[in-house]
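Contents: one structure, followed by commentary.
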Amino acid sequence: MSDEKGKSLGRESGKPRAFTALPEHVATPRPGQPERNTIPIIQRSKIGNNCLSHNALRCHIELHLPKCPELTGADMAIFSVYVVNKAGGLIYQLDHYAPRSETEKTFSFPLDLVLKLHDERVVVAFGQRDSIRVGHAVLSINGIDVNGKYTADGKEVLEYLGNPTNYPVSIRFGRPRLSSNEKLMLASMFHSLFAIGSQLSPELGSSGIEMLETDTFKLHCFQTLTGIKFVVLADPRQAGIESLLRKIYEIYSDFALKNPFYSLEMPIRCELFDQNLKLALEVAEKAGPFGPGS
Amino acid sequence: MTVHNLYLFDRNGICLHYSEWHRKKQAGISKEEEFKLMYGMLFSMRSFVGKMSPVDMKDGFLAFQTSKYKLHYYETPSGLKVVMNTDLGVGNIRDVLHQIYSNVSLGLAPQCLGPAARRLLERRRLESYLLEAGLPAEELQSNRPAMGYR
């Protein structure tokens, strides 16, 4: 998906079409090939453009990968949508953003990063450099995906990387994607934070958290009279989220509640709800111009 | 522009300072319990926000608002946390919270003063700074004993 977007972006801005296809052998280093110590073969930066590679391929790559949402304007300004039932259970979740920043590098033994096991993932604990940050997880090794602490072909990641005979090795790092279990946990965590927010209020009759601000996103929450919470994560500068939340409530009433096969408080699996929600997000992204008073 | 209250926590969750000005509702629990609840909420909030963020974060959690108040949060690299509850009309006051941390020196009143005098001194310093910063915590209930913890 990101590649398609990138291609169309490249064409719109009048970039030559010759750049649209990157040969596969350039992008992935062959594992057997001897490499000098930690010279990056290639760095793929899909969101952040803080990539410091002086590789000649860099310009080549950036042409057809979408940049940071902050930089490309209205593209992908709404990150995700959560629907939480009145008991704090997650009944619907949608991620609506392009892949996050990922970096692939080739390393020789010994590895100059400290890795550790955290929440069933192998993450960088120390040795942040270039675009590999502390907290990033190992996503793939030599092009083979990593699930938790094991690679797709069943090797344990830390053990594999501790063995000098496996080097040089090419590792892809990036922000770990949330698993569905974690999303469930975060939804119920927000449910409690929402309640504590109203308990600690210095004013009478306060609602729970309606908007939560951070430097990278804003979380907007709308609780209906029946206790269902609609949560939207968006760019801090995205306007018109209030009306989007009302719109999502409307879509929920029309396409989930009116579906004869939907039972209350249970996960929403309705095709029409999906379609209309995606449509509403796109409309909101186009219509809601970036403004300071969002 | 109303300031409701201000909490200052150290890195271990101990409340170093607390003042309140226009607080219409108490949490219904003892102050110690309230400090624990507040710190626990902020602690969870930090981890929640770090996991939810689609990209790498720099400052992390800044503020949240409900229908009635807005909570502003500032954390120093050493883990000291300044939390201020205001009304909804207050924008980004990160710099004010930083100034409270760096200039008002809460918790640093001379040890030779008794606890009551220390609290009063800190409170006066804070009020004069907030007045300067354009967030007047006026209508001081000076007949009420100042609430401060150390």
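Rolled with a 1.4 Å probe across the full set of protein chains, the surface gives A:Val134 an accessible area near 80 Å². Centre-to-centre separation between the Cα atoms of region B:59-101 and those of region A:197-237: 16 Å. Counting Lys +1, Arg +1, Asp -1, Glu -1, what net charge surrounds A:Tyr150 among other residues with beta carbon under 15 Å of its beta carbon? Residues close to A:Tyr150 contribute a combined charge of -3.
Ignoring ligands, DNA and RNA, how much accessible area is buried between chains A and B, both sides summed, with a 1.4 Å probe, to the nearest 100 Å²?
Details: alone 16400 and 8740 Å², together 21400 Å².
It comes to approximately 3700 Å² buried between A and B.
Taking every alpha-carbon pair under 8 Å whose residues sit at least 6 apart, chain B reaches a relative contact order of 30 percent. Dividing the Cα radius of gyration of region A:136-294 by its Kirkwood radius returns 1.09 for Rg/Rh.
Label sites at A:Asn166 and B:Met1, each approximated as a point 7 angstrom past Cα along Cα to Cβ, lie 5.9 nm apart. The label-point distance for A:Gln275 and A:Ser198, in a model that sets each label 7 Å from Cα toward Cβ, rounds to 3.6 nm. Relative contact order of region A:68-181, taken over Cα pairs closer than 8 Å and 6 or more residues apart, is 24 percent.
Near A:Glu265, within a Cβ-to-Cβ distance under 15 Å, what is the net charge of the other residues, with Lys and Arg +1 and Asp and Glu -1?
Net of charged neighbours comes to +3.
Of A:Arg121, B:Arg11, the order by accessible heavy-atom surface (1.4 Å probe, DNA, RNA and ligands excluded), from most exposed downward, is B:Arg11, A:Arg121. In the context of the full protein assembly, A:Phe217 retains an accessible surface of approximately 0 Å², using a probe radius of 1.4 Å and ignoring ligands and nucleic acids. With springs only between Cα atoms under 10 Å apart, run a GNM on chain B and tell me which of B:Ala116, B:Ala63, B:Ala27 wobbles the most. The residue that fluctuates most here is B:Ala27. A straight line joining the Cα centroids of region B:1-55 and region A:146-173 runs 42 Å. Given a 1.4 Å probe and the protein chains as shown, A:Asp274 ends up with an accessible area of around 50 Å².
Tell me what chain B gives for mean residue ellipticity at 222 nm when only DSSP H runs of n ≥ 4 count, each as -39,500 (n - 2.57), the sum divided by the residue total, rounded to 500 deg cm²/dmol. Mind showing how you got there, number by number?
Values: 3 runs with 49 residues, N = 150.
Computed ellipticity for chain B at 222 nm equals -11000 deg cm²/dmol.
Of the listed residues B:Met1, B:Met41, A:Met189, the order by accessible area with a 1.4 Å probe, largest first, is B:Met1, A:Met189, B:Met41. The residues packed around A:Lys229, meaning those with a beta-carbon under 11 Å from its beta-carbon, carry a net charge of 0 if Lys and Arg are +1 and Asp and Glu are -1.
Shown here for region A:222-294: GluC sites (Glu not before Pro) in loop regions (DSSP other than H, G, I, E, B) with at most 15 other Cβ atoms within 10 Å, namely A:Glu265. Pairwise Cα distances in region A:97-147 exceed 13 Å in 62 percent of cases. The 1.4 Å probe gives accessible areas that order A:Ser80, B:Ser78, largest first, as B:Ser78, A:Ser80. Annotation: for a label point projected 7 angstrom from Cα along Cα→Cβ of A:Asp130, residues of region A:81-112 with backbone N closer than 13 Å are A:102-108, A:112. At 7 Å along the Cα-to-beta-carbon direction for both A:Lys286 and A:Asp153, put a label point, then send me their distance in nm to one decimal. Roughly 4.6 nm, to one decimal.
The values are calculated or read from the model by the stated rules, or taken from the named source; none is laboratory data. These numbers were taken from a predicted model, which means no experiment stands behind them. Methodologically, a virtual Cβ is constructed for each residue, glycine included, from the backbone with ideal geometry; neighbour enumeration extends over all protein chains shown. Remember, those area values only see protein heavy atoms, side chains included, never the ligands or the DNA or RNA. Shrake-Rupley method; radii C 1.70, N 1.55, O 1.52, S 1.80 Å.
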